[in-house]
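Just below is one structure, and these are the notes that go with it.
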Amino acid sequence: MRITPDAVADQHEWVRERDAVVVALINATRADLGDRFDTEVDEVTAEQYRRAVDEVFADGDRAVNVAALVAVLRDLDVQGDYPGFVVDELLGRELAGMIAGDQPLRLLGEATFHYADVAIEDTETAGEEAGGSGGVDDGDPAGLDDLDAALAAGFQTRLPGWEWREGESPFAVDP
């Protein structure tokens with residue numbers, strides 16, 4: 001694999017165009033987490049998602065690393081699948097954290113990746129029942145569902161909508 005500025009631009013466009021699958025998973029994840037933590041969490045629109053993708057890819061140092069992880073996960077498949085379980089989880093978690101941003105958002109993105117990865121099956125089923133592809137098909141590489149979960153976890157963490165992130169932290173010290 002060779003990563004060039006053109007390759008980064010291609011991955012940027014692919015991630016942007018994945019909005020239907022990723023936004024559905026973001027909103028399903030947010031709704032479930034909101035229920036679990038007894039809070040209201042704003043839904044994300046496709047436009048918010050695409051703007052956030054543009055922001056991530058506008059940071060060249062971050063963009064090259066995000067693009068490389070996206071490219072690997074788009075193509076990753078392991079014969080028998082289970083032996084590859086660890087590598088696609090590792091890459092997905094890293095991608096989610098990288099997209100989410102600096103600490104503590106990075107850690108939250110990584111943790112949410114595992115949650116979204118488990119939830120992706122329910123989202124796929126709902127999409128299929130609604131007449132769509134619902135995301136990952138049986139013929140897709142094993143890493144694609146982890147890629148969708150990573151994108152959803154990273155961007156849902158990065159985007160506004162969580163009450164605790166609205167306003168200044170009460171723990172900031174005024175020097």
Could you tell me how many of the residues in the range 2-16 are open to solvent by 20 Å² or more (accessible area, probe 1.4 Å) and in contact with a helix residue (DSSP H, G or I) (Cβ under 6 Å, 6 or more places away or on another chain)?
5
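Just to be sure, is residue 21 farther than 21 Å from residue 165 by Cα, touching a helix residue (DSSP H, G or I) at 6+ places or on another chain (Cβ under 9 Å) and not charged (D, E, K, R)? Let's see the steps before the verdict.
Working: farther than 21 Å from residue 165 by Cα: yes; touching a helix residue (DSSP H, G or I) at 6+ places or on another chain (Cβ under 9 Å): yes; not charged (D, E, K, R): yes.
Yes; evaluated as a whole, the condition is true for this residue.
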Check whether at least one residue in the range 150-161 is charged (D, E, K, R), at pLDDT 80 or above, surrounded by 10 or more Cβ atoms within 10 Å (Cβ to Cβ) and in contact with a helix residue (DSSP H, G or I) (Cβ under 6 Å, 6 or more places away or on another chain), and report yes or no.
yes
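Does the range 1-34 hold any residues that are of a type in the set (S, T, N, Q) and either part of a helix (DSSP H, G or I) or in contact with a Leu (Cβ under 8 Å, 6 or more places away or on another chain) (or both), and which are they? Show your work before the answer.
Here is the first cut: in the range 1-34, the residues of a type in the set (S, T, N, Q) are 4, 11, 27, 29.
The answer is 11, 27, 29.
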One residue from 69, 95, 76 being open to solvent by less than 10 Å² (accessible area, probe 1.4 Å), under 24 Å from residue 3 (Cα atoms) and either touching a residue at least 40 places away in the same chain (Cβ under 8 Å) or not aromatic (Phe, Trp, Tyr) (or both):
95
For the range 35-49, which positions are surrounded by fewer than 17 Cβ atoms within 10 Å (Cβ to Cβ) and not in a loop (DSSP other than H, G, I, E, B)?
35, 36, 46, 47
In the range 50-66, what residues are under 13 Å from residue 99 (Cβ atoms) and open to solvent by less than 60 Å² (accessible area, probe 1.4 Å)?
52, 53, 54, 56, 57, 62, 63, 66
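For every residue, the table says whether it meets (1) touching an Asp or Glu at 6+ places or on another chain (Cβ under 7 Å); (2) among the aromatic types (Phe, Trp, Tyr); (3) modelled with pLDDT of 95 or more.
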position: 14; (1), (2), (3): no, yes, yes
position: 19; (1), (2), (3): no, no, yes
position: 27; (1), (2), (3): yes, no, yes
position: 32; (1), (2), (3): no, no, no
position: 35; (1), (2), (3): no, no, no
position: 44; (1), (2), (3): no, no, yes
position: 60; (1), (2), (3): no, no, yes
position: 86; (1), (2), (3): no, no, no
Only residues that are surrounded by fewer than 17 Cβ atoms within 10 Å (Cβ to Cβ), over 20 Å from residue 108 (Cβ atoms) and not small (Gly, Ala, Ser): list them for the range 17-34, please.
17
Within the set of pairs 6 or more residues apart or between chains, which connect a residue that is basic (Lys, Arg) inside the range 101-115 to a residue that is surrounded by 13 or more Cβ atoms within 10 Å (Cβ to Cβ) and not in a loop (DSSP other than H, G, I, E, B) with Cβ atoms less than 7 Å apart?
106/97; 106/100
Pick from the range 98-119, criterion in contact with a helix residue (DSSP H, G or I) (Cβ under 6 Å, 6 or more places away or on another chain) and β-branched (Val, Ile, Thr), ranking: surrounded by the fewest Cβ atoms within 10 Å (Cβ to Cβ)
112
Go through the range 83-92 and report how many residues are open to solvent by 30 Å² or more (accessible area, probe 1.4 Å) and either of a type in the set (S, T, N, Q) or closer than 20 Å to residue 116 by Cβ (or both).
5
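The values are calculated or read from the model by the stated rules, or taken from the named source; none is laboratory data. Please read all numbers here as calculations on a predicted model, not as lab measurements. Because the Cβ atoms are built from the backbone with ideal geometry, glycine has one as well, and the counts that use them run over all protein chains shown. Just so you know, the surface numbers come from the protein's heavy atoms only, side chains and all, with ligands and any DNA or RNA stripped out. Shrake-Rupley method; radii C 1.70, N 1.55, O 1.52, S 1.80 Å.
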